[in-house]
Amino acid sequence: MRRVATQFGTLSGCFVSDEKTQVNGANYPLEVAFAVALFHEDSGPSTTADVDKLYVTTERRWENAQPLWNQNKAAYERYVEELVRKTSPNASQTGSMSMDQPVLVSMQRVNSSAYTVVSIRRRKISKGGNTFSFDTSEGAAIVLSKGSLVRLTIQRQFRGQGDVDAVKSEITAWAFSLAK
């Protein structure tokens with residue numbers, strides 16, 4: 001994580017849950033979270049204008065995704081159930097990896113100093129003709145805190161709608177508490 005974070009800023013902290021979930025017969029942490037203090041391009045402190053600019057950039061990246069929050073609750077629940085059903089618990093976990101187009105669950109402003117994005121991501125790992133898929137509920141936030149921009153990330157193994165709801169609640173609360 002530290003190596004990846006150094007491309008964008010400084011790793012400020014990380015969390016790995018003690019609770020485990022089984023993925024392809026192996027135990028993995030149910031949830032991981034980390035914060036990265038982003039490098040700032042200017043010499044002065046970051047402002048809400050920087051948050052606005054990043055929000056617009058992020059919104060453009062997601063503009064072709066159909067947000068799930070626009071669907072009715074039954075359609076959203078059916079989609080989540082289909083993702084769970086398609087996950088293959090019997091395939092190999094090592095080999096090449098690819099990622100399907102993420103599904104946007106929500107994108108919202110917490111306040112003028114922060115915004116969050118919640119998505120569902122499917123990663124596929126293939127080896128020897130076998131394919132194993134695993135899904136994560138992911139929450140990301142950009143927060144202006146004490147003149148610095150911080151990116152918060154929560155990744156939770158996706159087992160059902162409750163995991164998406166938990167990530168959405170956790171990332172929003174974390175962003176709100178840091179943006180004060």
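The values are calculated or read from the model by the stated rules, or taken from the named source; none is laboratory data. Nothing here was measured: the structure is a model prediction, and the numbers come from that model. Note that we place each Cβ from the backbone using ideal geometry, even for glycine, and neighbour counts take in every protein chain shown. Remember, those area values only see protein heavy atoms, side chains included, never the ligands or the DNA or RNA. Shrake-Rupley method; radii C 1.70, N 1.55, O 1.52, S 1.80 Å.
Tabulated values for the structure
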| read-out | value |
| --- | --- |
| Unmet criterion (only one of (1) at pLDDT 95 or above; (2) exposed (fewer than 15 other Cβ atoms within 10 Å of the Cβ)) for Arg78 | (1) |
| Per-region count, region 132-180, residues hydroxyl-bearing (Ser, Thr, Tyr), farther than 13 Å from Leu30 by Cβ and assigned to a strand (DSSP E or B) | 4 |
| Residue within region 147-165 that is within 14 Å of Ser112 (Cα to Cα), touching a Pro at 6+ places or on another chain (Cβ under 6 Å) and not aromatic (Phe, Trp, Tyr) present | yes |
| Subset tally (residues that are at pLDDT below 75 and aliphatic (A, V, I, L, M)) for region 1-25 | 4 |
| Positions within region 132-180 being under 15 Å from Thr47 (Cα atoms) and open to solvent by 40 Å² or more (accessible area, probe 1.4 Å), in sequence order | Lys146, Ser148, Arg151, Leu178, Lys180 |
| Any hit, region 28-36, residues being touching a strand residue (DSSP E or B) at 6+ places or on another chain (Cβ under 6 Å), among the small types (Gly, Ala, Ser), modelled with pLDDT of 90 or more and in a strand (DSSP E or B) | yes |
